[in-house]
Structures are given as structure tokens and as C-alpha cells.
There are 2 protein chains.
Amino acid sequence: MSPKITTELLKQLRQVMKSPKYVQEPVQAYIVPSGDAHQSEYIAPCDCRRAFISGFDGSAGTAIVTEQHAAMWTDGRYFLQAAHQMDNNWTLMKMGLKDTPTQEDWLVSVLPEGSKVGVDPFIIPADQWKRMSKALRSAGHDLVPVKENLIDTIWTDCPHRPCKPLITLDLSYTGVSWRDKIVALRSKMAERKVLWFVVTALDEVAWLFNLRGSDVEYNPVFFAYAVIGMTTIRLFIDGDRMMDPAVREHLQLDSTLEPEFKIQVMPYGSILSELQAVGASLSPKEKVWLSDKASYALTEAIPKAYRYLTPYTPICIAKAVKNTSETEGMRRAHIKDAVALCELFNWLEKEVVPKGTVTEIIAADKAEEFRSQQKDFVELSFATISSTGPNGAIIHYKPVPETNRTLSVNEIYLLDSGAQYKDGTTDVTRTMHFGTPSAYEKECFTYVLKGHIAVSAAIFPNGTKGHLLDSFARSALWDCGLDYLHGTGHGVGSFLNVHEGPCGISYKTFADEPLEAGMIVSDEPGYYEDGSFGIRIENVVLVIPAETKYNFKNRGSLTFEPLTLVPIQTKMIDVNLLTQKECNWVNDYHQKCREVIGAELERQGRHEALRWLIRETEPLIRVQ
Amino acid sequence: MSPKITTELLKQLRQVMKSPKYVQEPVQAYIVPSGDAHQSEYIAPCDCRRAFISGFDGSAGTAIVTEQHAAMWTDGRYFLQAAHQMDNNWTLMKMGLKDTPTQEDWLVSVLPEGSKVGVDPFIIPADQWKRMSKALRSAGHDLVPVKENLIDTIWTDCPHRPCKPLITLDLSYTGVSWRDKIVALRSKMAERKVLWFVVTALDEVAWLFNLRGSDVEYNPVFFAYAVIGMTTIRLFIDGDRMMDPAVREHLQLDSTLEPEFKIQVMPYGSILSELQAVGASLSPKEKVWLSDKASYALTEAIPKAYRYLTPYTPICIAKAVKNTSETEGMRRAHIKDAVALCELFNWLEKEVVPKGTVTEIIAADKAEEFRSQQKDFVELSFATISSTGPNGAIIHYKPVPETNRTLSVNEIYLLDSGAQYKDGTTDVTRTMHFGTPSAYEKECFTYVLKGHIAVSAAIFPNGTKGHLLDSFARSALWDCGLDYLHGTGHGVGSFLNVHEGPCGISYKTFADEPLEAGMIVSDEPGYYEDGSFGIRIENVVLVIPAETKYNFKNRGSLTFEPLTLVPIQTKMIDVNLLTQKECNWVNDYHQKCREVIGAELERQGRHEALRWLIRETEPLIRVQ
């Protein structure tokens, strides 16, 4: 990895920062956040502006360029990568370290008095604008919205915004029609006494209309906004994709519909002016509902007194609770995914052990190949983390030619991968050894497994928030003085984003919504030994009602059911560290893998992988 | 309990709400919060204004009186009590229930347009003022400070503010002189670049000056404020207590001291004008540090640009980490406390079983009597919860003649009690049965015990916040569909308030400070069967470094050491529900009780209680 040379680019950016063509008044600093206008986690190439200006292409980071300086804030996952990818024009600001200034403090320290700090108001979320603007103002500076994105003005070969065809999902996948989703949304709006709801997150637009796209890699979403009124539906979307007969039929664009279900299709770029018109039309006490993470530009379109902002939108919350069609789809997707992984691991054992010719990249490609053979496969759900030995300790590792290692019988191999199928989204991590693991490796693996089981088998009362379960995953590790520095689980979409709110299992959040039956999260504790190995065991699990002796005075109880059904390598387990209960959990889990995945392997005629599965699901025997 | 008749009082209050003598403009609503001017949890009789106006004397509740309505907000602990104590003039607002409006929403719904809502600015914390003021303003009303407390104007027989003598604590108790505490505080102030620190919490004033008082029952504090500058110390305190030679000597009031340690004593009531003078004297960039829970009146005395507000003050944080003198004092206090409880339980067994003449009140009084026989006993640390049978299910129960039950061999008895000794503060709960507990009672008790042990024996990395341990206390209960609706632990002061911040163990908090070696918290899971029984097992525990196999990559590990050494009734334990590890924990704990408390009982010549202790600490034997 050699750094990107940015001298010329920064010169150009500093010129446009002063150019009356783009800015009303010169700005002394320009902020380049990571996100797109929808605050997406994964973004399209045309939105990778921070990577373009700096060279640093990690998933999180904010660049700020002043007349004299260029600085990049990113977190611990990316210190190394950012340092490698950026040239000497850039100062790396290591977030989380004690001496690292905040962006605001740094700006105040380097800017001349009375400076203007510019930012694209479509990219910066309203809450972040508020915080930053306040801090700058109190130091005598001004945060100003710069309408034209200044990076775009100098990015001559900027790719076009993708505009790919849409996929329509019928009731057998979604369980609920888009009309019924609109009805439910309007009833939530009536409850909160709001007249309008603005859908800004891409996965929320996709979910609401039972449509999927492929504008962003790994996320089956498309660029669009929607504005839902009590009697109107406006969908802001570009391109000829609305000409597709299947889409027109799905959205009933050419039918005679009740007016309140008639969708008005408008250009993607007209959202701001339309929203401003809505804002201008409001009478006192009429409210517009937006996510508090919506962009500053859209939030400002509604006068402050009319805004109703919440951290989680009603769509985000409804989307998280999967209905029967969705959970059945997720089950099917996970069965297919398990078939692909059984094939992969069987293949790896045959290739790695005697030949030693499989690299991390080859293994990742092979995993994709096996997945792509499965019905309704669409794409991967995130960049495959295929890592062996020390690379496994880099939590967000993705193999590239410069780092690509060969799998061997001497190292632990960690594979964190998943796919989008038309019926569901998967995300699974397995850690294996193709030779003989050391006692220490087995010990660490077993603690991680105990943590995984502690969450998966946890029983808790209805209304419990996921963050209250996080410590269960760590207890066995903590007892020996080990820990891992990431959360334990995230929400998973249904043929949608592999990371979604509003629930999760993490010590870091407190604002998560309570877990409910039908929600789907990951359970993925780990342990990482820098420079040596990484261990993670991840299943996607469904929240289901539990049966308990006393049922919390009829408050009801919940637990998890693993949707992921891929063997956990027993060779890595030190059985003596498991309790009998934990041992039974593993055996029951493997029994289920054998039954469910075995039947599917049989059906697909994958006999060799079936033999591998049978072998890998032999019951553990614990000697008392 | 018959309700207080408040018709006449409310009439008087509504008159003064309109009287130009007290209010500049009539107020259409008047808020009566629970607290005093120091936001104390326990308050002096003269500050029990909400109880005076409504009759409801629980520890939490806010009254709001309008021209037409009188409403009381309180939480689930007090629904029953408030309903009993208040007459029909009052509407009970059950906080935590879905349909209960917030105070702001309710005010907006009942007030005529453009109303004024009055509140005593000394009683309402600044953060609460801000929230409420904003909500009212956005609905066209105004929150206004009413200087004279309107309740005080109609409370003709209002008791005087207490002004009792002070106790000086020498280095053997405190470990650090008040001068060194001032030096440390000033260094924290310099770090944050503030020039002044305002001490508003009573326990913080007491801790800072190594003084104690008895102005508030159960809390060894005295009414005072302090304002610490970089070269000045001002103590705002009333009465002739500053004439006490011991106090003068302790504070070196008559010595020739370096000027920066010279304490200026000023009248308690002059804090506001003095602080306003400080506020008026500030130059740009000069800051004054206050707790964000300080009163609106004091916060407003400092112009906004000069305020530095934090949720926890540096004194609060320093006070929480006990030094060796303090932990040694706490150990001594807990040994004495255990002696008193061994005596009590031995006495109860002798009295309850054959005679049946002991009531909850008699038992509580006897507990106080035994405690008062111990060296350096000062007072109780909170109202004794002495409860048998169904009363045990009322979490904050305090026996009064109307509810007083007789202890019997048929009911579970729960005693939650503690004391202030000059060397430390105690808080212990034991649950016992004097006859034969049912299998269900034993089952529940054993789950609670498992939760208690899970926290007490937990090992966790340095920097862990207490709320991450809360679920450990619930896991065994959850497995069977049982839970308890309170937090698991609170910080405990050292001869100070039995509840103190900034640490604790609760699912409810997220803003707690990380646990550190030297902090002291309670560990008190429970289970409550309404109308039947209550179970709680509470020890006060000290955070200590732990030894682990891998020590968190040198981040260090922590665990707890029980300071409370009182037998846990083995009769209540279903040994078969314990793991071998849990069984060992109980036996080790009892072994330590026997050794440490046994020696003290021996020393004090309390042979009968010693025999009881020996009997109660017989090891458990678990049949595999």
C-alpha cells in the first residue's frame, strides 16, 4: 500500500474554498465527512469523497482541510490503514486517545479569528451540525453550509451516482404489502400527531415499498427519498427504473387507486425544494417527523417549530421486528448459506492440509462461489473477512494482495462472511484450525464459545434491552483476564443491510430499543491476540418467546434461536472447560445442524459436504 | 394510615400564588419538588414541603398545584403509599406507566394560554429547570422563579432549619487532611482551567473539610456551601457551631496560615449574593465549576458563558475512591455491625420461636440497641426496613404501628438496616426464616443468592462501569422467569451518605463512572412476591484488584471483597441449586465470618452470639 499523493488535490480544494463561484464567502476550513446524504454505513463510489481527497478508504473517518492543514480523524480500527494510505500532507488524529483534540477544538486552535468553516449540508447529520456549530460559534467562528460539494467540483473523474434496476418483492417474501405498511405508518403518525413523515435512510425506503436495488455494494438499496403525508405518497427517485413494468405493476402506478395510495414519483434531486414547500405550507401545531440523523439540509427545510425528531423512526422499529414470512425467509437463507459453508470447509480441508495453496483471497472467492450456487443468491452482504494467523487479530480485516496470507496447518483461520439472498441476509463467523491447535488457542476459543452460548441461551424478561446481555458474552473471558474490544451483536436486516438498528448487544449503546420476539441480531464474541491470531464465533439469532418456570408474572420471557446452522469446530474446544449445560448446548446445536443442513445437502446431492458435516457434528463427550 | 386533609392548605396556597406580596405576577401553577437546596436524597423536616402540602411523605415525588388541580408524580415504589396518604384533592400520577403524562405535558394540557408556572429556584436543579422551561415555553407558557418559597409562607409551624454541632474527623479516620483535599481539588481545577469551584452537595462539603454534622437524619452532614478559589476558601455556614474550639482548631481558623488556606466563614444565606459577586467579577475565559445538579438559583448566579458544569464533581469522584484509612475504618465499622446483628439474630431466634412477641418495630429497635452498644456508633444510616411476610415485598417498607406485623415461625423475615459509626457506614440485608421455609421460598432465596455471588465474585477489567455487572445478579432468576424491579447496588459513603455517586450497579444508569479499586458499593439482588414475602441479600463490597491468569494485557482486573460479614441463613439455601463454585463461595464467606466476627464476639465477651455464629456458619455440603 503506497499513500495517495494529494498535494495537487489539496491545492485545488483550497482554491475552490476561496472561489466565489462555489462559496458566497471564502471558507477557511472545509469538512469532508464519511457519509452520504442518507447517512448510510456503506456508500457508493461517487460518495467516497473523503477517500478521494485523502487516500484513506476505511469505513469511518472525517477529513478537515484548512488553508495550512489537512487532518483526518478516525478510530482505533483504522490507525494503521490510514497512516499507510495518506501522504505527508495529512495529520492523523487518533480518536479515543487522550491527547487527540476533537474536531471542534482543533479547528478553534488552528483557525484565524472569525473564520468560516464550510460543510455540505446534505452530508452532515443535523445533530452533528448542531454540536459543531455551537462549539465553533462560542469561539467566534461560523459553520456555514456550502451548497455545492467542493470535493465534487475538483473530482473530475467522479463516478456517476448508480441508478440500477429495482427488484420487486412480493408478499411471500415480505409478508406485508407496501400499502399495509403505509397504513401502519400513518397510524403511528396519527398517534404522535404528525402530518408528514420523511424517509431518508435508504433501507427504510426499500423496506417501506418492498423494493430492493443494487446502488450500493453489499446493501440491496437504491437512492431515493420518500415523503409520506396522511393522504399523499411521494417517492423521489431517478432514472428510468420507474419505467420497468414490474415496478409499475408492483407500485400500482398505472392503476386507479384510492388517492391516498397513489404514489407520486418525483426526481431524486427535488426532495429539498419539495420539503421546503411542505415546510412553508404548515399551520401551527402541524408537525413533520424526521430522524434526528437526517441531513442538516433536509432538517432545515422544516422550520424548527414544526419538526418532530426521534432517534429511531417508526419504520426503523417496524422493520426490526420480522414477521413470519421474513423469519421463514431468513431460515431458508441461512440453510442455503450453511450448505455453501459446509462445501467451503470441506474443500478447504482437502486443499489446505495437503497442498498449502489456498490464500485468504482464494478462500474468500471460493466462499462466494459456493454461495452463488444457491437459489436466490444476490450478492455478498459485506466484504468477506478471510484471515489467517496474525491477520485474524485485525478485527475489520479484508484480504488484499499486499496482506494476503496462505492458509496453513499451523495457524488459526477466521472467516467472517455473509450474503444477500432474495429471502434473507446472512452473517456468520467460524474460526478453525486445519492442524493441531495449541492448548492456549483452544482455551481462548472455548472461553469465546462459552460467551457465545451464554448469550444464545440467555433467558430474559420481555422489555430487556440488548446491551444488558453484553456482559454475559464476556464473563468467561473476564474470569481469566481476557476481553474483546467490540460489541457482541448488531441487528440484521431481512434481505437488507447486514447492520441495522434499533437493537443490538453492546456495552457501548444505551439508547437501543428493547428486544422483542421477531428481532434478529448477531451473537459474536471474540478474542484477539495481536500479531498472532483472532477468534470469533458468530451466529445470527432470532429473538423468540421462552418458556420459564414462572414466566415473569406474565410479563413473558424471551431467548434466542440460532438461525445460523454451521458446525463449530469441536477440535478447537477444550471440553473440560465447558459445563455439562454448555456441552449439551453444543451437542444440541450440532444435532440440529446435522438434521436441517444434512437434509438440504442430501437434497442438493452434495454428498462429500454431507460427510464432512456428519464428521464435524459428532457429539462432544465431557469427562466429569 | 388516613389521608391528610389538604383542602384548606390548597386554598391558602392558591391565594399566595396570586398574592403580589410573594409573586411579581400571579402564577397559575406552582411546582413543589421533593428536594432541598442541595438536592439531597434525605432531607430535614423543614424541607419536607411536598409532604406538608400533600400528606405524601415518600422519598420521591413532585407536587404541582394549579388553580383547579393538584397532582402528584411518584414512582412505582410509592403508588400505594401516596394513594393512602393523599386526600381526594390530589390526583396521583403514576410515573413509569404508559398513559401517565409528564409534568410538562400535563401542565400544557390543563393551563390556560400564556400561563406562569412558579417554582422555588433554590429547590429545582438547573438541568430540570432547563428541560421544563423549554417545554413550557414551546407551548406558550413561562416557568418563573419565585424567590420566596410559597409553601413556607403558609407553613405556620414549619420547623427551624437544624443547626447542630459539628464533629471533627482527624487523619486516622480520613487519611487525608482538608488542606491536602483542597490542594488536590485546586489541581483538578487547574487541569480544567476553572478558577472557582462551588460545593453544593452537603456530603461534598462534609467530606472536603473532614467535618460531620447531624442536621439531616441518617446522613452525618450539615447545612453549608463552600466556594473554593485558587487562593480563597469560603465556607457558608450558620449558627454558633463555628465557635466550637475543636472546630476552630480543626479548620485552623485562629492560626496564621498561608492565605490560600485561610477559611473565610460566611452566613449560609449569603451564598447567592457572594456567588453573584464572583459571577460579576469574571473576565472572559474565566470559568466557575458547578455540578449540573446544582440549583437553578446558584447556577444562574454565574453568567452562562462562565459556567463549567459536569454531572459528577471532582469531589464526588475523589470521595468515592476510599483511601486506606477509610477502608480500614469501613472494615472496623462492618465488624462492629456484624457483632450487633449476630446478637440480634440470636436474640430473635430465642424470642420469636417460642414466644411470638416480637413485632417488626421491636426487632428494628432491638437492632438499633445492639448497634448503639458498639464503639463510635453515631446513628442509623437509614430507616430500618424490618418486614415480615407480605410486608417484605414492599421494597421501601418501614414499619409503622398501622402495618406492624409480628414475626413468626411461618413467615420470611427481611431486615435491611445499617448504621453510621465514626469510622464507617454500613448497610446490610439478611432474609431469614425462623421456622421451616417452603421449597418455593428456598428456591427463590437460592436464585437471589446465586445472583449475589455472581456479582460479588465477578472479575472484570479495569475501567468497567458498574451497570455492566447488573445482569449477572439477575441471570439465575431470569432462567426461571423471575426478576426484581430495582438496581443491584449503590455507592456507599465512608461515615457519610449511605447512597452516594458516581458509581453503582444498575440497569437504569449509563452515566456511572467506571469502578476503581477503593470504591465501595452494595450488592443487593432480591426477589419479591407481592402479598407474600420479600427476599434480599445485601453486602457492602469493596472494589479490589483481582488476580487473573492473563490480566487483560496489563489493563488490570478488579473484583469485590465483601466488607459485610454476617452469616447468610443456610436453612434458606437449596444446596442442590448451587454449583460447586457457588457452594465454595458460601463456605469461604462463612469461614471468614467465623474467623473475623468470631474473634470480635469473643473479645467483647458475647459468648451466646458467638455460639449462634458458629452454628450459622457450618459449611454447606453439596451432594453431587
- Message: Against the condition surrounded by 18 or more Cβ atoms within 10 Å (Cβ to Cβ), free of Cβ contacts under 8 Å to residues at least 60 places away in the same chain and within 14 Å of chain B (Cβ to nearest Cβ), how does A:TYR589 come out, does it pass?
- Response: no
- Message: Here are the criteria: (1) under 29 Å from A:SER291 (Cβ atoms); (2) in a loop (DSSP other than H, G, I, E, B). Tell me which single one A:CYS46 does not satisfy.
- Response: (2)
- Task: Could you figure out which of (1) over 28 Å from A:ILE362 (Cα atoms); (2) free of Cβ contacts under 8 Å to residues at least 60 places away in the same chain; (3) more than 10 Å from chain B (Cβ to nearest Cβ); (4) open to solvent by 10 Å² or more (accessible area, probe 1.4 Å) isn't true of A:SER438?
- Result: (1)
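Can you name every residue in the range B:411-422 that is out of contact with any helix residue (DSSP H, G or I) (no Cβ under 8 Å at 6 or more places or on another chain) and either closer than 17 Å to B:THR359 by Cβ or open to solvent by 10 Å² or more (accessible area, probe 1.4 Å) (or both)?
Here is the first cut: in the range B:411-422, the ones out of contact with any helix residue (DSSP H, G or I) (no Cβ under 8 Å at 6 or more places or on another chain) are B:416, B:420.
Passing the criteria: only B:ASP416.
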- Note on the structure: In the range B:560-571, anything buried (at least 19 other Cβ atoms within 10 Å of the Cβ) and either among the β-branched types (Val, Ile, Thr) or at the interface with chain A (Cβ under 8 Å from one of its Cβ atoms) (or both) is listed as B:THR564, B:VAL566, B:ILE568
- Long-range neighbours under 8 Å by Cβ, at least six apart or interchain, first residue farther than 22 Å from A:VAL596 by Cβ within the range A:566-583, second of a type in the set (Ser, Thr, Tyr) and open to solvent by less than 10 Å² (accessible area, probe 1.4 Å): A:MET572/A:THR431; A:MET572/A:THR446; A:ASP574/A:THR446; A:LEU577/A:THR446; A:LEU578/A:THR446
- Message: Of the conditions (1) closer than 27 Å to B:THR579 by Cβ; (2) polar (S, T, N, Q); (3) within 14 Å of another protein chain (Cβ to nearest Cβ), A:SER532 satisfies every one except a single condition; which number is it?
- Response: (1)
- When residues of the range A:69-91 are limited to those that are of a type outside the set (A, V, I, L, M, F, W, C) and in contact with a helix residue (DSSP H, G or I) (Cβ under 7 Å, 6 or more places away or on another chain), the one nearest to A:PRO26 (Cα to Cα): A:HIS69
- In the range A:500-510, residues that are within 14 Å of chain B (Cβ to nearest Cβ) and either open to solvent by 10 Å² or more (accessible area, probe 1.4 Å) or assigned to a loop (DSSP other than H, G, I, E, B) (or both) total 5
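Quick one: would you say B:LYS130 is more than 23 Å from B:PRO220 (Cα to Cα), modelled with pLDDT under 95 and part of a loop (DSSP other than H, G, I, E, B)?
no
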- Task: Please go through the range A:1-38 and pick out each residue that is open to solvent by less than 10 Å² (accessible area, probe 1.4 Å) and not in a loop (DSSP other than H, G, I, E, B).
- Result: A:LEU10, A:LEU13, A:ALA29, A:TYR30, A:ILE31, A:VAL32
- For the range B:596-618, pairs from a residue that is more than 16 Å from B:ASP337 (Cα to Cα) and touching a residue at least 40 places away in the same chain (Cβ under 8 Å) to a residue that is open to solvent by 70 Å² or more (accessible area, probe 1.4 Å) and in a helix (DSSP H, G or I), with Cβ under 8 Å and 6 or more apart or across chains, are B:THR617/B:GLN591
- Task: Would you check which residues across the range B:539-559 are within 13 Å of chain A (Cβ to nearest Cβ), open to solvent by 10 Å² or more (accessible area, probe 1.4 Å) and either in contact with a His (Cβ under 6 Å, 6 or more places away or on another chain) or part of a strand (DSSP E or B) (or both) and list them?
- Result: B:PRO545, B:ALA546, B:THR559
- Item | the range A:468-491, subset touching a Lys or Arg at 6+ places or on another chain (Cβ under 7 Å) and at the interface with chain B (Cβ under 7 Å from one of its Cβ atoms), residue farthest from B:THR559 (Cα to Cα) | A:ASP483
- Item | the range B:305-320 residues that are over 12 Å from B:VAL194 (Cα atoms) and polar (S, T, N, Q), paired with ones that are part of a helix (DSSP H, G or I) and open to solvent by 50 Å² or more (accessible area, probe 1.4 Å) (beta carbon under 8 Å, 6 or more apart) | none
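Rundown of residues vs (1) within 32 Å of the chain's Cα centre (by Cα); (2) assigned to a loop (DSSP other than H, G, I, E, B); (3) modelled with pLDDT of 95 or more, yes/no style:
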| residue | (1), (2), (3) |
| --- | --- |
| A:LYS581 | no, no, yes |
| A:ASN584 | no, no, yes |
| A:ASN587 | yes, no, yes |
| A:ILE597 | yes, no, yes |
| A:LEU601 | yes, no, yes |
| A:GLU608 | no, no, yes |
| A:ARG615 | no, no, yes |
| A:GLU618 | no, yes, yes |
| A:ARG622 | no, yes, no |
- Query: Are there any helices (runs of 4 or more DSSP H) wholly within the range B:229-305 with 1 or more residues that are aromatic (Phe, Trp, Tyr), and if so which?
  - Reply: B:296-301
- Message: Considering only the range A:66-86, I want to know if a residue exists there that is open to solvent by less than 20 Å² (accessible area, probe 1.4 Å), among the charged types (D, E, K, R), modelled with pLDDT of 95 or more and not assigned by the TED database to the domain that holds A:VAL498.
- Response: no
- A:ASP152 meets each of (1) open to solvent by 70 Å² or more (accessible area, probe 1.4 Å); (2) in contact (Cβ under 8 Å) with a residue 60 or more places away in the chain; (3) not in a loop (DSSP other than H, G, I, E, B) with one exception, condition (1)
- Would you mention how many residues in the range B:87-107 are open to solvent by less than 60 Å² (accessible area, probe 1.4 Å), part of a helix (DSSP H, G or I) and either over 17 Å from B:ALA63 (Cβ atoms) or of a type outside the set (A, V, I, L, M, F, W, C) (or both)? 2
- Message: Given the condition surrounded by 21 or more Cβ atoms within 10 Å (Cβ to Cβ) and within 11 Å of another protein chain (Cβ to nearest Cβ), answer yes or no: does some residue in the range A:423-431 qualify?
- Response: no
- Query: Here are some residues: B:SER270, B:SER283. Which one is modelled with pLDDT of 95 or more and surrounded by fewer than 15 Cβ atoms within 10 Å (Cβ to Cβ)?
  - Reply: B:SER270
- Query: Of all residues in the range B:448-461, which are more than 15 Å from B:PRO562 (Cβ to Cβ) and more than 10 Å from every other protein chain (Cβ to nearest Cβ)?
  - Reply: B:VAL448, B:LYS450
- Since B:ALA184 meets every condition but one in (1) in a helix (DSSP H, G or I); (2) open to solvent by 10 Å² or more (accessible area, probe 1.4 Å); (3) within 26 Å of B:PRO45 (Cβ to Cβ), which condition does it not meet? (3)
- Query: Across the range A:457-499, which residue is nearest to A:PRO220 (Cα to Cα) among those that are touching a residue at least 60 places away in the same chain (Cβ under 8 Å) and open to solvent by 20 Å² or more (accessible area, probe 1.4 Å)?
  - Reply: A:ASN497
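The values are calculated or read from the model by the stated rules, or taken from the named source; none is laboratory data. Computed from a predicted model, the values in this text were never measured in an experiment. So basically every Cβ, Gly included, is an ideal-geometry build from the backbone, and we count neighbours across all protein chains shown. These area figures cover heavy atoms from the full protein model, side chains too; ligands, DNA and RNA do not enter into them. Shrake-Rupley method; radii C 1.70, N 1.55, O 1.52, S 1.80 Å.
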